[in-house]
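One structure is given below, encoded as structure tokens.
The values are calculated or read from the model by the stated rules, or taken from the named source; none is laboratory data. Keep in mind that what you see is a predicted model, and the values were worked out from it rather than measured. Don't worry about glycine lacking a Cβ; one is built from the backbone with ideal geometry, like all the others, and counts go over all protein chains shown.
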Number of protein chains: 2
Amino acid sequence: MSTSTLPDGDRRHARREATRKAILEAAESIVLEDGVEALKSKALADRAGISERSLFNHFPNLNEVVLSRITSYLTRLLSEPEIPAGLPISEIPDALDRKFRASFDRPEADHLFNSFLALSLRLDTEMVDLLGRHVVLTLADVSNQIMESTTKNYPDLDFDQNIRVRMYISNLTNGIAFGLLRGIHRMGVLDSPTCGSPEHDGDLSPKSFQGTEALELLNLEFLREDIDWAFEQVAIGRPRI
Amino acid sequence: MSTSTLPDGDRRHARREATRKAILEAAESIVLEDGVEALKSKALADRAGISERSLFNHFPNLNEVVLSRITSYLTRLLSEPEIPAGLPISEIPDALDRKFRASFDRPEADHLFNSFLALSLRLDTEMVDLLGRHVVLTLADVSNQIMESTTKNYPDLDFDQNIRVRMYISNLTNGIAFGLLRGIHRMGVLDSPTCGSPEHDGDLSPKSFQGTEALELLNLEFLREDIDWAFEQVAIGRPRI
């Protein structure tokens with residue numbers, strides 16, 4: 001739809017969103033092509049076709065641009081589908097479990113996950129640390145969104161049912177991070193310095209993805225087992241180990 | 001111990017910590033005495049006995065000072081006690097459950113919670129929103145600290161056991177936030193505008209603590225039931241509603 005048919009406020013909003021999107025896309029292509037060290041404000045503004053001043057009207061700093069782009073893939077990966085409306089209340093927990101698994105079955109899931117991973121793998125150590133905090137906040141936001149759409153579809157939940165459903169959503173959402181951690185471990189990358197690429201310094205702690213070329217082979221097909229395992233652990237509750 | 005007996009690096013560190021502590025304490029007393037609107041950089045620096053420049057060497061802005069102080073109470077409330085070392089592995093989950101409950105039984109728990117609440121209740125709407133994000137990150141940090149001390153005491157956990165224990169710790173930690181939400185609801189404050197104080201605007205959404213004088217009556221004795229309930233939900237796993 002052309003923005004010229006919209007009222008003024010909407011048109012301004014649409015233009016703002018378009019600029020924001022251009023910045024995010026430009027940042028992604030610079031980082032993927034030339035690495036995160038090539039992401040400078042002039043290069044980014046040029047690539048996005050805007051002024052440097054306009055760039056910093058949209059984002060407080062360059063780290064925020066890249067981290068927003070990375071976490072946007074996570075949000076898109078997890079926010080669809082909604083659970084169906086009109087189920088008996090007792091079926092909501094199962095529907096949530098199916099909903100989370102279904103997120104990873106969608107045709108676009110592989111692209112979203114691979115894009116998330118490809119950018120994450122290009123971050124330096126300091127940014128990986130920041131990414132960790134952004135991911136925690138993003139998972140909390142996703143969890144809140146899912147809670148809100150579920151509560152909207154099921155306004156008859158009493159307060160304790162509502163909180164129990166919220167806790168389950170929150171624990172399933174966080175479970176994805178633990179599934180990812182398990183998958184990375186299962187690949188053997190973090191424990192085995194021989195997988196490190198020789199041009200890096202061999203720091204294979206989870207703080208640094210650098211030098212872990214094997215991680216580029218990580219994909220949803222491989223991880224699926226770990227994510228399902230993590231959801232199962234949430235369903236079990238207190239672990240019996 | 002006098003700092004003059006320490007090596008140079010340690011002495012610098014101790015001095016830095018002492019200044020940081022003075023800033024945090026000064027900010028707390030200003031906010032408690034005169035409200036968050038009285039927290040200006042000059043007043044804060046004067047009260048802490050430092051220059052404004054030194055203030056901003058320690059904190060990027062005034063919001064960070066208050067939010068750091070508030071979340072420090074949460075960290076101190078939740079980080080003790082550790083679980084005992086030397087248990088059979090199968091008893092770790094129960095020990096974690098007991099550990100979380102024991103945090104609230106310590107003599108200092110009431111003071112820590114009341115201090116957390118008293119400062120939180122003085123925030124304006126925008127800062128309450130920021131506080132939410134700080135609390136999410138603080139709970140993630142606390143959860144990581146507990147995981148690390150547990151892993152140190154139990155190095156023989158295999159990788160899946162380790163992740164299951166981590167997920168349980170993470171879900172119990174987050175459970176505290178849901179217990180608090182339930183307790184606030186149970187007090188009836190957020191649902192009943194008649195509890196609002198007349199000098200405020202009656203916005204009783206969870207986004208704003210303003211006008212909810214009844215919340216000042218919230219204490220750990222009242223909340224204990226809700227926190228125990230939340231831990232029980234985590235132990236149950238997938239809810240049966």
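Numbers for the structure displayed
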{"quantity": "Matching entry among A:SER79, A:SER103, A:SER120 (being surrounded by 14 or more Cβ atoms within 10 Å (Cβ to Cβ), touching a Phe, Trp or Tyr at 6+ places or on another chain (Cβ under 9 Å) and either touching a residue at least 40 places away in the same chain (Cβ under 8 Å) or assigned by TED's automatic domain parsing to the domain that holds A:PHE231 (or both))", "calculated": "A:SER120"}
{"quantity": "Count - residues of segment B:140-161 that are at the interface with chain A (Cβ under 9 Å from one of its Cβ atoms) and either touching an Asp or Glu at 6+ places or on another chain (Cβ under 6 Å) or not acidic (Asp, Glu) (or both)", "calculated": "4"}
{"quantity": "Answer residue from segment B:131-164, given it is within 22 Å of B:PHE116 (Cβ to Cβ), without any contact (Cβ under 8 Å) to a residue 60 or more places away in the chain and of a type in the set (S, T, N, Q) and is surrounded by the fewest Cβ atoms within 10 Å (Cβ to Cβ) among those", "calculated": "B:ASN144"}
{"quantity": "Number of positions in segment B:30-50 that are outside any helix (DSSP H, G or I) and surrounded by 13 or more Cβ atoms within 10 Å (Cβ to Cβ)", "calculated": "2"}
{"quantity": "Filter result (more than 27 Å from B:GLN161 (Cα to Cα) and within 14 Å of chain A (Cβ to nearest Cβ)) within segment B:68-107", "calculated": "B:THR71"}
{"quantity": "Pairs where the first residue, in segment B:229-241, is at the interface with chain A (Cβ under 7 Å from one of its Cβ atoms) and the second is basic (Lys, Arg) and not in a helix (DSSP H, G or I), C-beta under 6 Å, 6+ apart", "calculated": "B:ALA235/A:ARG238"}
{"quantity": "Meets criteria (in contact with a Leu (Cβ under 9 Å, 6 or more places away or on another chain) and under 20 Å from B:LEU112 (Cβ atoms)) for B:LEU55", "calculated": "no"}
{"quantity": "Residue in segment B:109-127 that is under 16 Å from the mean Cα position of the chain (by Cα) and within 10 Å of chain A (Cβ to nearest Cβ) present", "calculated": "no"}
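Let's see how each residue does on (1) surrounded by fewer than 18 Cβ atoms within 10 Å (Cβ to Cβ); (2) touching a helix residue (DSSP H, G or I) at 6+ places or on another chain (Cβ under 9 Å); (3) modelled with pLDDT under 50:
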position: B:GLY183; (1), (2), (3): no, yes, no
position: B:ARG186; (1), (2), (3): yes, yes, no
position: B:SER197; (1), (2), (3): yes, yes, yes
position: B:ALA214; (1), (2), (3): yes, yes, no
position: B:GLU225; (1), (2), (3): yes, yes, no
position: B:ALA230; (1), (2), (3): no, yes, no
position: B:GLY237; (1), (2), (3): no, yes, no
